[in-house]
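Participant: I have a structure I would like to understand better, so I am pasting it below and will then ask my questions one at a time.
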Amino acid sequence: MNLTLFHMINGLVGHNIFLDKIMTFIVVYSPILYGMLMLVQWFIGGDKGKKTSMNALEGRLLAVARETFFNM
């Protein structure tokens with residue numbers, strides 16, 4: 001299913017300028033948005049929100065480390 005979805009989305013590249021701009025915007029600004037949402041959850045979520053934010057941060061750092069070291 002993931003590969004089918006990937007091919008379906010990738011097949012649309014270059015055919016619609018509006019869709020290309022939306023996808024570029026999402027790729028560029030979604031990490032910033034997710035970081036801001038983690039900060040909001042940290043300050044508003046109490047102890048449970050802090051734990052959830054830390055788990056998300058640890059997961060993200062592990063993903064970046066894996067991507068960096070195993071794809072050299």
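Participant: Give segment 10-25 a look and list any residue that's touching a helix residue (DSSP H, G or I) at 6+ places or on another chain (Cβ under 9 Å) and surrounded by fewer than 11 Cβ atoms within 10 Å (Cβ to Cβ), or say none.
Facilitator: Val13, Gly14
Participant: Starting from residues that are in a helix (DSSP H, G or I) and among the hydrophobic types (A, V, I, L, M, F, W, C), keep the ones in segment 8-24 and report whichever is modelled with the lowest pLDDT.
Facilitator: Among those residues, the one meeting the criterion is Ile9.
Participant: Now for a different question. Output yes when any residue across segment 56-64 is in a helix (DSSP H, G or I), acidic (Asp, Glu) and within 18 Å of the chain's Cα centre (by Cα), and no when none is.
Facilitator: Scanning segment 56-64, I find at least one residue that is in a helix (DSSP H, G or I), acidic (Asp, Glu) and within 18 Å of the chain's Cα centre (by Cα), so the answer is yes.
Participant: Ile32: at pLDDT 90 or above, under 16 Å from the mean Cα position of the chain (by Cα) and either of a type outside the set (Asp, Glu) or under 22 Å from Ala63 (Cα atoms) (or both), yes or no?
Facilitator: Spelling it out, it is not the case that Ile32 is at pLDDT 90 or above, under 16 Å from the mean Cα position of the chain (by Cα) and either of a type outside the set (Asp, Glu) or under 22 Å from Ala63 (Cα atoms) (or both).
Participant: Does segment 52-60 include one or more residues that are of a type in the set (D, E, K, R) and at pLDDT 90 or above?
Facilitator: Yes, there is a match, as at least one residue in segment 52-60 is of a type in the set (D, E, K, R) and at pLDDT 90 or above.
The values are calculated or read from the model by the stated rules, or taken from the named source; none is laboratory data. Keep in mind that what you see is a predicted model, and the values were worked out from it rather than measured. Every residue, glycine among them, receives a Cβ derived from its backbone with ideal geometry; neighbour counts consider all protein chains shown.
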